[in-house]
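Scroll down for the structure; my scribbles are underneath it.
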Amino acid sequence: MYKCSVERMADKINTFSKYGDAGHGGITRYALSEEDNMARAEFVKRMEAIGATIEMDDLANMYATIPGSNPDAKRIVVQSHSDSVKNGGNYDGILGVMTGMEALETVVEQNIPHEHPFTVMICTNEEGSLNPPAMMVSGIVCNDLLPKDLAKNFQYDDMMASKPMVDGFPANFGEMLKNSPYRGDKANRINADKYCAMFETHIEQGPILEANNNEVGAVQFVMGMFNYSLIFKGFAAHAGTFPMDKRHDALYAASQALIYLHDEIDKLGRPELVYTTGEIYCHPCVHTVIPDEVEFSLDVRHEDPELRAKVLDIVKSVTERKWAGCTAEIRENWKRDTVYWNEDLKGFVEEACEESGANWQKIQAGAGHDAQFFSYMIPTTMVFVRTKDGISHSEDEFATPEDCTVGATVTLNAMLKADKFYK
Ligand SMILES: [Zn+2]
């Protein structure tokens, strides 16, 4: 059992937290921004210091690689992202990069024998918070391998045309890339000929490990999901002159339907099922006008496709009646199946958890990660690290240096098991 260094991990956490420091404990570090460039420069500096070779591809993905004893062996990679959401935390994404760095630093420092080259990869624009969508670049790199209804959302030309959500940046993502000092050669893109296994270590972003007193989790799968919009149509009229009993108020209709959805879905009695309405559009959104059209989102996640189908039946039933005199329609925005991690790699993570002496458990992933697209290319798995109060995508996001180091130790030892397993 090789152990990573808590001092070195703490130093990395402190250092990377400066790049995009928003002044109140967290960071804003959009992909390919000045702040992201600073984090990438730090990555290069530290990886060159241990003798790693740095490569970049045409999407500004970065790869730091140390050789193994077998020059013909494929690479084993730890991958995550260096970008954040607006006013995000110091761990989401960058923890996986720091974990990979820590693993490689430990291998070099302790002269740990291994056959395969070991690589740390920064995958560009996971969050998509400046140039949407999320998981953009893994969606491009894995496009030919993804199911068609997923692949269509990540077409190269569409992605290059993605406009910034914030003023003061280049016209589109293609321009951001053109300006990036970290844009390299397409031939360097990760592929199955050169890589044989991937780990992504990430904060849990939920409260389960903490509640169970566990430092780390061996992730089993990413939950399948669907995302629908529900649209209610009535008619607009003056708020002062139009009597209540003659109104077709679309917002009132949507409110009733939302409560109906909660009541019916909760009757399924499955506590591990999660569903969310996080977006709502009200038209014309004027305080003196009765709304004529309201649309809200519904995001539903669970491992089991049969249960998701049951929830979808409930969603469809909304269209079978009128709500406060308004009609209801639904629209599918996207869906994805549950992605199960590679059995062998999952097993190596579980063994490494057990041998590390850490408190650990099997856990599921509810959020999307680049690893799920890469899993269509090469065997892939994930490790989760305990997150304080389950908070993420927030400046309050926190994981202790000790827990982050346990995550790195587990990742490193799982990599070494994969190193022996793959020929
Ligand atoms: Zn992330």
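The values are calculated or read from the model by the stated rules, or taken from the named source; none is laboratory data. Given the structure is predicted, the values throughout are model-derived calculations rather than measurements. Here the Cβ is made from the backbone with ideal geometry for all residues, glycine too, and neighbour counts use every protein chain on show.
Among the residues of region 90-99, those identified as near the ligand (Cβ under 10 Å from one of its atoms) and in a loop (DSSP other than H, G, I, E, B) are TYR91, ASP92, GLY93. Residues of region 302-309 include none that is assigned by TED's automatic domain parsing to the domain that holds LYS233 and closer than 15 Å to PHE232 by Cβ. What do you reckon, is GLU210 touching a residue at least 60 places away in the same chain (Cβ under 8 Å), buried (at least 24 other Cβ atoms within 10 Å of the Cβ) and closer than 16 Å to VAL385 by Cα? It is false that GLU210 is touching a residue at least 60 places away in the same chain (Cβ under 8 Å), buried (at least 24 other Cβ atoms within 10 Å of the Cβ) and closer than 16 Å to VAL385 by Cα. Could you tell me whether THR201 is surrounded by fewer than 16 Cβ atoms within 10 Å (Cβ to Cβ) and of a type in the set (Ser, Thr, Tyr)? So THR201 does not fit the description; no. Restricting region 65-89 to residues that are surrounded by fewer than 24 Cβ atoms within 10 Å (Cβ to Cβ) and of a type in the set (A, V, I, L, M), the residue that is nearest to the ligand (Cβ to nearest atom) is VAL85.
Rundown of residues vs (1) touching a residue at least 60 places away in the same chain (Cβ under 8 Å); (2) among the small types (Gly, Ala, Ser); (3) in a helix (DSSP H, G or I); (4) under 23 Å from ARG75 (Cβ atoms), yes/no style:
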| position | (1), (2), (3), (4) |
| --- | --- |
| LYS12 | yes, no, yes, yes |
| TYR19 | no, no, no, no |
| HIS24 | yes, no, no, no |
| GLU55 | yes, no, no, yes |
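Among the residues of region 280-292, those that are touching a residue at least 24 places away in the same chain (Cβ under 8 Å) and surrounded by fewer than 18 Cβ atoms within 10 Å (Cβ to Cβ) comprise ILE280, CYS282, HIS283, PRO284, HIS287, THR288, VAL289. When ASP149, ASP144 are checked against the criterion of being at pLDDT below 95, over 22 Å from GLY407 (Cα atoms) and in a helix (DSSP H, G or I), ASP149 stands alone in meeting it. Considering region 26-43, the residues that are assigned to a helix (DSSP H, G or I) and charged (D, E, K, R) include one that is farthest from ILE203 (Cα to Cα), namely GLU34. Residues in region 133-160 that are surrounded by fewer than 19 Cβ atoms within 10 Å (Cβ to Cβ) and either without any contact (Cβ under 8 Å) to a residue 12 or more places away in the chain or within 15 Å of the ligand (Cβ to nearest atom) (or both): 7 in all. Cβ-Cβ distances below 8 Å connect the following pairs, each with a first residue in region 59-80 that is part of a loop (DSSP other than H, G, I, E, B), a second residue that is more than 16 Å from the ligand (Cβ to nearest atom) and modelled with pLDDT under 95, and a separation of six or more residues or different chains: ALA73/LYS423.
When SER375, SER392 are checked against the criterion of being touching a strand residue (DSSP E or B) at 6+ places or on another chain (Cβ under 7 Å), polar (S, T, N, Q), assigned by TED's automatic domain parsing to the domain that holds SER84 and modelled with pLDDT under 95, a single residue qualifies: SER392. Screening region 102-127 for residues that are within 16 Å of the ligand (Cβ to nearest atom) and assigned to a loop (DSSP other than H, G, I, E, B) and picking the one that is surrounded by the most Cβ atoms within 10 Å (Cβ to Cβ) gives ASN125. A single entry from GLU306, GLU343, GLU320, GLU329 fulfils the requirement of being within 30 Å of LEU412 (Cα to Cα), modelled with pLDDT of 95 or more and exposed (fewer than 15 other Cβ atoms within 10 Å of the Cβ): GLU343. For region 211-233, the criterion of being of a type in the set (A, V, I, L, M, F, W, C), more than 16 Å from the ligand (Cβ to nearest atom), within 21 Å of PRO284 (Cβ to Cβ) and touching a helix residue (DSSP H, G or I) at 6+ places or on another chain (Cβ under 7 Å) is met by at least one residue.
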